[in-house]
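Student: One structure is given below, represented as C-alpha cells, and several questions about it will come after.
The values are calculated or read from the model by the stated rules, or taken from the named source; none is laboratory data. Just so it is clear, the structure is predicted and the values come from calculations on it, not from any experiment. All Cβ positions, even for glycine, are placed from backbone atoms using ideal geometry, and neighbour counts span all protein chains on display.
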Amino acid sequence: MSSGATAVVIVVVVVVIIAAIVALLARRRGLQRQFGPEYDRTVNEQNSRLRAEAELTGRQRRVRKLDIRPLTEAARTKYAADWVAIQERFVDSPETAVADAYALVTTVMTERGYPMGEDEQMLADLSVEHAQTVGHFRAAQEISRNAASGNAATEDLRQALIHYRALFSDLLGEPGALTPSTTATDPFAATGPATTTGPATTMGPATTMGRSDVAADRDDVAVGSGASSQSDPATNYGGTP
C-alpha cells in the first residue's frame, strides 16, 4: 500500500473514532438530562458508565413499548381526594395510611399504563418519565419494609407518606393537582419539619447535594463526561424530600 493510501486509511479511522466518541458523549448527556439522580445511582450500582448507560437505554426501549397515558381530569380529581382521605387517616392509623398510600400510588400507575410486577421493575419503568421522584418511591418502600418487621417509628411512617406523596403528585400529571384547598387538613402541618403541603414541585427531591464520584470506572472512555450533580432522593430520609 502506498504512503498516500495509508494516510487516507489513518484519517478515515481517526474520523470514525471521533464520530463514535461524539455519539457516545451525546447519548451520555441525554441520559444524564433525562434520568438526573437515577443516572448517578445506576452508575454507582453498576460500577461502570457503559453498563449503566446500557441499562438506562434498555429502560427507555421498554417504556416506549408501553401504552403510557395521562389521567383524565375526573380521575385526577378523584385520586387527589383519595389522597387527602389517606392523610387524614394517618393521625389515627399511620401504618394503615402508609399501606393505603402504596395501594393508591400503584392504582394510579396501573391506570396510566404501567404494568405491575416486582418493585425493582416498577422502579425501572417509572425512572424513564419520573426520574426526579422515583427515588421517593424507593425510600418509601424501604421504610414500609421496616414497618412490616416492626422497625419503623411513627416519624419514619410520616416520612414514608411524604415520599409516596411526591411520586403520587408527579403521577397525577399536573403540578396543581394537590391544591391548598384539598390539603388543608394535612396532618403533617403540625407534626414536624415538613410543613409544605403543596404539589410535588415544592416537595420534590433534593437537587443541590453533590453526588459521590464513582471510584473506579473501568469501562469509561478517557474523555470528560460532565456527569450530573444531582443526588438520589432516596438517600435523604431525614426531612422533607
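Student: Inspect all residues belonging to region 49-61 and state whether any of them is more than 30 Å from Gly113 (Cβ to Cβ) and of a type in the set (D, E, K, R).
Tutor: Yes; the residues of region 49-61 include at least one that is more than 30 Å from Gly113 (Cβ to Cβ) and of a type in the set (D, E, K, R).
Every residue, every condition in (1) exposed (fewer than 11 other Cβ atoms within 10 Å of the Cβ); (2) outside any helix (DSSP H, G or I); (3) acidic (Asp, Glu); (4) more than 18 Å from the chain's Cα centre (by Cα), yes or no:
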| site | (1), (2), (3), (4) |
| --- | --- |
| Val13 | yes, no, no, yes |
| Val22 | no, no, no, yes |
| Arg29 | no, no, no, no |
| Asp40 | no, no, yes, no |
| Val43 | no, no, no, no |
| Glu53 | no, no, yes, no |
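Student: Next question, about the same structure. Please find, within region 58-82, the residue that is surrounded by the fewest Cβ atoms within 10 Å (Cβ to Cβ) out of those that are aliphatic (A, V, I, L, M) and in contact with a Lys or Arg (Cβ under 8 Å, 6 or more places away or on another chain). Break it down stepwise before answering.
Tutor: Residues of region 58-82 that are aliphatic (A, V, I, L, M), as a first pass: 63, 66, 68, 71, 74-75, 80-81.
Then keep just the ones that are in contact with a Lys or Arg (Cβ under 8 Å, 6 or more places away or on another chain); that gives 68, 71.
On the way: Ile68: 14, Leu71: 18.
Among those that are aliphatic (A, V, I, L, M) and in contact with a Lys or Arg (Cβ under 8 Å, 6 or more places away or on another chain), it is Ile68.
Student: Please give the number of the condition Gln121 fails out of (1) buried (at least 16 other Cβ atoms within 10 Å of the Cβ); (2) under 30 Å from Thr57 (Cβ atoms); (3) not hydrophobic (A, V, I, L, M, F, W, C).
Tutor: (1)
Student: Any idea which residue in region 135-166 is nearest to Gly36 (Cα to Cα), counting only those that are buried (at least 16 other Cβ atoms within 10 Å of the Cβ), at pLDDT 90 or above and small (Gly, Ala, Ser)?
Tutor: Ranking the candidates gives Gly135 first.
Student: Among what's in region 89-108 and is more than 19 Å from Ala148 (Cβ to Cβ) and modelled with pLDDT of 95 or more, pick the residue that is surrounded by the most Cβ atoms within 10 Å (Cβ to Cβ).
Tutor: Val108
Student: Still on this structure, I have one more. Do you know which residues across region 124-163 are closer than 28 Å to Arg62 by Cα and among the acidic types (Asp, Glu)?
Tutor: Hits for region 124-163 are Asp125, Glu129, Glu142.
Student: Out of region 54-73, which residues are among the β-branched types (Val, Ile, Thr) and under 17 Å from Met109 (Cα atoms)?
Tutor: Scanning region 54-73 gives Val63, Ile68, Thr72.
Student: Could you grab me the full set of residues in region 84-118 that are among the basic types (Lys, Arg) and either over 30 Å from Gln60 (Cα atoms) or not assigned by TED's automatic domain parsing to the domain that holds Arg145 (or both)?
Tutor: Of everything in region 84-118, just one residue is among the basic types (Lys, Arg) and either over 30 Å from Gln60 (Cα atoms) or not assigned by TED's automatic domain parsing to the domain that holds Arg145 (or both), namely Arg89.
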